[in-house]
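Q: Encoded as structure tokens, here's the structure I'll be asking about.
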Amino acid sequence: MTFKNLKYDVAENIGTLTFNRPKALNALNRELIEELGIVIDRIEADPDIKVLVLTGAGDKAFVAGADISELTEMNALQAKLFSAKGQETFSRLESLSIPVIAAVNGFALGGGTEVALACDFIYASEKAVFGLPEITLGLIPGFGGTQRLARLVGPNRAKELIYTGATVPAPQAEAYGIVNRIFAPEELMDGVMKTAKKMARMGRVSVRAAKEAVNTGLRTDLETGCKIENNAFALCMASPDAKEGTQAFLGKRKAAFTGTLEK
Ligand code: CO8
């Protein structure tokens with residue numbers, strides 16, 4: 001299937017989704033959000049995809065936000081529906097059962113920072129710039145940015161960034177805990193793929209359980225989170241991959257995970 005605003009490629013069990021509107025710095029229009037939803041459906045239905053990578057076409061931007069020319073055409077109700085659609089789609093991205101890495105290769109502003117925050121973690125080029133500049137347009141973030149940024153960096157830092165619309169270069173974003181690792185621009189995708197391949201070799205059941213334990217646990221108190229972890233641990237223990245992983249360790253060989261559950 002081909003898309004108008006995205007590219008989606010698969011190699012070695014890794015899906016790469018490229019926001020592909022370089023003339024508009026990959027800004028998110030309604031059609032692109034629809035297409036993103038279709039790719040998410042496809043990934044959920046494909047057990048061969050073990051990791052998803054998100055990046056932007058061209059060498060300037062990851063995503064420069066929601067498409068401002070489209071926003072100006074919307075009334076309040078249409079904007080509310082678009083915000084809800086984006087929030088829902090980014091939440092589905094966040095809840096994908098596989099790891100998702102944002103490879104931020106340039107500007108990630110507004111909706112660009114918001115989609116990156118819905119990924120499991122962010123690797124960035126030295127040229128990357130983050131920020132939620134919606135306030136400078138008389139708006140606020142509408143794709144989950146007020147919520148995810150505050151949870152990630154704490155409310156005080158998030159409020160400062162959101163109220164001023166300040167942009168944050170990659171090293172500062174790393175210091176804030178928004179970015180895990182920074183690379184020279186030409187080394188970003190290699191660095192991302194190295195980590196993606198490492199994760200793709202792990203067992204699907206335990207990767208999924210780990211992601212669910214962290215994500216669901218963060219939405220609750222520590223005691224309940226530990227209970228979630230405890231149940232997820234038991235599920236892993238019942239999987240063929242746990243037998244394989246532990247026996248491979250004892251046999252001093254490399255584990256060959258199948259990612260299956262016993263019937
Ligand atoms: N939307 C539409 N077009 C854009 C966008 C955008 N967000 N960003 C850039 N473009 C276009 C420019 O209009 C320009 O087009 P053209 O060549 O036809 O004039 C082209 O991309 C190149 O951009 P610039 O010439 O501006 O490039 P610069 O290198 O001078 O500047 C910047 C790069 C700094 C990234 C600059 O383009 C910029 O500030 N962009 C806007 C950033 C921004 O404000 N983003 C937030 C948007 S609002 C948002 O994300 C809200 C999300 C929640 C929505 C909720 C639903 C209602």
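Q: In region 243-257, which residues are part of a helix (DSSP H, G or I) and surrounded by fewer than 10 Cβ atoms within 10 Å (Cβ to Cβ)?
A: Residue satisfying the conditions is 250 alone.
Q: Tell me whether region 160-173 contains one or more residues that are open to solvent by less than 20 Å² (accessible area, probe 1.4 Å), more than 19 Å from residue 111 (Cα to Cα) and within 18 Å of the chain's Cα centre (by Cα).
A: No, there is no match, as no residue in region 160-173 is open to solvent by less than 20 Å² (accessible area, probe 1.4 Å), more than 19 Å from residue 111 (Cα to Cα) and within 18 Å of the chain's Cα centre (by Cα).
Q: Further, regarding this structure: If I ask for residues that are open to solvent by 60 Å² or more (accessible area, probe 1.4 Å), among the aliphatic types (A, V, I, L, M) and under 30 Å from residue 150 (Cβ atoms), which ones from region 213-242 would you list?
A: 214, 218, 222
Q: Name the residue that is nearest to the ligand (Cβ to nearest atom), counting only residues in region 12-37 that are β-branched (Val, Ile, Thr) and either free of Cβ contacts under 8 Å to residues at least 40 places away in the same chain or closer than 18 Å to residue 60 by Cβ (or both).
A: Among them, the one singled out is 18.
Q: Something else now. Of the residues that make up region 57-68, is at least one touching a residue at least 24 places away in the same chain (Cβ under 8 Å), out of contact with any Phe, Trp or Tyr (no Cβ under 6 Å at 6 or more places or on another chain), more than 12 Å from the ligand (Cβ to nearest atom) and part of a loop (DSSP other than H, G, I, E, B)?
A: Yes, region 57-68 has at least one match.
Q: Tell me, which residue of region 134-147 that is touching an Asp or Glu at 6+ places or on another chain (Cβ under 7 Å) and not aliphatic (A, V, I, L, M) is farthest from the ligand (Cβ to nearest atom)?
A: So, considering only residues that are touching an Asp or Glu at 6+ places or on another chain (Cβ under 7 Å) and not aliphatic (A, V, I, L, M), the one farthest from the ligand (Cβ to nearest atom) is 144.
Q: Let me ask another. Considering region 92-133 alone, what residues qualify as being part of a helix (DSSP H, G or I) and either over 21 Å from residue 207 (Cβ atoms) or within 14 Å of the ligand (Cβ to nearest atom) (or both)?
A: 111, 112, 113, 114, 115, 116, 117, 133
Q: Mind telling me which of the residues 129, 179 ends up being open to solvent by less than 20 Å² (accessible area, probe 1.4 Å) and in the same structural domain as residue 34 (by TED's automatic domain parsing)?
A: Answer to the selection: 179.
Q: Among the numbered criteria (1) over 24 Å from residue 194 (Cβ atoms); (2) open to solvent by 10 Å² or more (accessible area, probe 1.4 Å); (3) in contact with a strand residue (DSSP E or B) (Cβ under 6 Å, 6 or more places away or on another chain), which one does residue 7 miss?
A: (1)
To keep it simple, each residue is scored yes or no on (1) in contact with a helix residue (DSSP H, G or I) (Cβ under 7 Å, 6 or more places away or on another chain); (2) assigned to a helix (DSSP H, G or I); (3) assigned by TED's automatic domain parsing to the domain that holds residue 125.
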residue: 187; (1), (2), (3): no, yes, yes
residue: 191; (1), (2), (3): no, yes, yes
residue: 195; (1), (2), (3): no, yes, yes
residue: 213; (1), (2), (3): yes, yes, no
residue: 226; (1), (2), (3): no, yes, no
residue: 230; (1), (2), (3): no, yes, no
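The values are calculated or read from the model by the stated rules, or taken from the named source; none is laboratory data. Note that the coordinates shown come from a computational prediction; the quantities given were computed from them, not determined experimentally. Quick reminder, even Gly has a Cβ in these numbers, built from the backbone with ideal geometry, and neighbours come from all protein chains shown. Side chains are part of the model used for accessible areas, which takes the heavy atoms of the whole protein and leaves out ligands, DNA and RNA. Shrake-Rupley method; radii C 1.70, N 1.55, O 1.52, S 1.80 Å.
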